[in-house]
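Below is one structure, written out as structure tokens; the observations come after it.
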Amino acid sequence: MRLAVLAGLLLAAPVNAEGWSLALHGGAGVIARDQFGPGEEAAIREALGKALETGAAILGAGGSALDAVEATVAALEASPHFNAGVGAALTLAGTAELDAAIMDGATRRAGAVTGVTTTRSPIALARKLMETGPHVFLAGPAADAFARRHGLPQVPNSHFITPERQRMLKELNAAGPSASFDATLRFGTVGAVARDRAGNLAAATSTGGLTGKAPGRVGDAPVIGAGTLAENGACAVSATGSGEIFIRARAAGQICDRLRFLGQPLQAAAEAAIADVGSLGGSGGVVALDAKGAIAFAMNSPGMYRAAATAAGRREIRIFAEE
Ligand code: ASP
């Protein structure tokens, strides 16, 4: 009764009306079993599990969905295995420019930042912006300045840069101009959605964007309604994939609208949005949950790092689409 697998693309959980639910992703893309170095897959699963337990502990103790998604995403930002915070994908100039957003489904307040270069936790910055107002979206040096004014820890840009991401950028440059950016589409953005015991929803997403992106490029993750969205009574979504296409498909908004206005079940809505992304030539996936805490994962890529936990005791960590 636990899982239904639809067309090998979608996993759905039963409704969890009374308790809390949490789902996270660590990015989607061309993730193949033979690409991992020794111990790498196990280390990634461990990092996903740790982040999951961080959020689950908050929800289990009666904490808010908002606190849970922020803490889950912050744990993934701190891990070099994912494209957020430490280990972020690099721009064409070899720098890290980070995007993040968080949204509270109860109030529909949101905070979003783009082009962050010195703030250690972009998701903490997005949360601070949301709490402080009046603005929803801050960009570049102004976002880092806001973080400094509010005492959020600062680091040199090199803090985010790992040898693996430098190697990926070099590989991309060697492939020449036809490679466009991120030829492997091995993403790694991180995100989380949660429903707390009070029934409130929240979503958070954090990313370095795409390897070889132009400096100044903004992806879908910080765009409310594209890569991140939470609306009580509808759904919460965090996306990963080809950001330009997720923006054009307004992927997260499309999923919640399908629930609100068409009455579609979450699973079908998530699948339809990913199909729409695919029809525009995009790839990636989403984690989503509905007002009752049912969880859906949908993707059109060979893999997506993902995990789920519920009050009912569900715990799962998956990587490959067919898992
Ligand atoms: N969606 C992100 C972006 O385009 C990339 C990713 O998911 O890894 O910025």
task = Output the residue which, of all residues in the stretch 20-40 that are more than 16 Å from the ligand (Cβ to nearest atom) and either on the phi > 0 side of the Ramachandran plot or of a type in the set (Phe, Trp, Tyr) (or both), is nearest to the chain's Cα centre (by Cα).
result = Trp20
task = For Leu52, state whether it is within 14 Å of Ala309 (Cα to Cα) and either free of Cβ contacts under 8 Å to residues at least 12 places away in the same chain or part of a helix (DSSP H, G or I) (or both).
result = yes
query = Within the stretch 222-235, is there a residue that is part of a strand (DSSP E or B), surrounded by fewer than 24 Cβ atoms within 10 Å (Cβ to Cβ) and touching a Leu at 6+ places or on another chain (Cβ under 8 Å)?
reply = no
key: Residue that is nearest to the ligand (Cβ to nearest atom) [pool: residues in the stretch 71-96 that are within 17 Å of Ala47 (Cβ to Cβ) and open to solvent by 10 Å² or more (accessible area, probe 1.4 Å)]   = His81
Members of the stretch 189-216 that are crowded, with 24+ Cβ neighbours inside 10 Å, within 13 Å of the ligand (Cβ to nearest atom) and either in a loop (DSSP other than H, G, I, E, B) or over 9 Å from the mean Cα position of the chain (by Cα) (or both) = Thr189, Gly208, Gly209, Leu210, Thr211
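Of everything in the stretch 259-285 that's of a type in the set (D, E, K, R) and surrounded by fewer than 21 Cβ atoms within 10 Å (Cβ to Cβ), which residue is farthest from Ala298 (Cα to Cα)?
Of the stretch 259-285, the ones of a type in the set (D, E, K, R) are 260, 271, 276.
Filter once more, so that each one left must be surrounded by fewer than 21 Cβ atoms within 10 Å (Cβ to Cβ): 260, 276.
Numbers: Arg260: 19, Asp276: 12 Å.
Top of the filtered list is Arg260.
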query = What strands (runs of 3 or more DSSP E), lying completely within the stretch 73-155, carry at least 3 residues that are of a type in the set (Ser, Thr, Tyr)?
reply = none
remark   = By residue number, the members of the stretch 268-322 that are acidic (Asp, Glu) and in a strand (DSSP E or B) are Asp290, Glu316
request  = Just give me the residues in the stretch 242-266 being within 9 Å of the ligand (Cβ to nearest atom) and either closer than 20 Å to Ala194 by Cα or in a loop (DSSP other than H, G, I, E, B) (or both), in sequence order.
outcome  = Ser242
inquiry  = Being modelled with pLDDT of 95 or more and of a type in the set (A, V, I, L, M, F, W, C) is the filter here; which residues of the stretch 301-311 pass it?
reply    = Ala307, Ala308, Ala309, Ala311
remark   = By residue number, the members of the stretch 222-241 that are more than 7 Å from the ligand (Cβ to nearest atom) and not aliphatic (A, V, I, L, M) are Pro222, Gly225, Thr228, Glu231, Asn232, Gly233, Cys235, Ser238
ask   = Regarding Val190, is this residue within 19 Å of Gly284 (Cα to Cα), modelled with pLDDT of 95 or more and not basic (Lys, Arg)?
value = yes
inquiry  = Looking at the stretch 29-40, can you tell me whether even one residue there is crowded, with 17+ Cβ neighbours inside 10 Å, modelled with pLDDT under 90, touching a Ser or Thr at 6+ places or on another chain (Cβ under 7 Å) and within 18 Å of Phe297 (Cβ to Cβ)?
reply    = yes
message = Within the stretch 267-282, does at least one residue satisfy the condition of being of a type in the set (Ser, Thr, Tyr) and either modelled with pLDDT of 95 or more or more than 16 Å from the ligand (Cβ to nearest atom) (or both)?
response = yes
remark   = Selection from the stretch 39-49 of residues in contact (Cβ under 8 Å) with a residue 40 or more places away in the chain and closer than 15 Å to Thr72 by Cβ yields Leu48, Gly49
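The values are calculated or read from the model by the stated rules, or taken from the named source; none is laboratory data. Computed from a predicted model, the values in this text were never measured in an experiment. Cβ: placed from backbone, ideal geometry, glycine included. Neighbour counts: every protein chain shown. When the accessible area is computed, the model is the full protein with side chains, heavy atoms only, and any ligands, DNA or RNA have been set aside. Shrake-Rupley method; radii C 1.70, N 1.55, O 1.52, S 1.80 Å.
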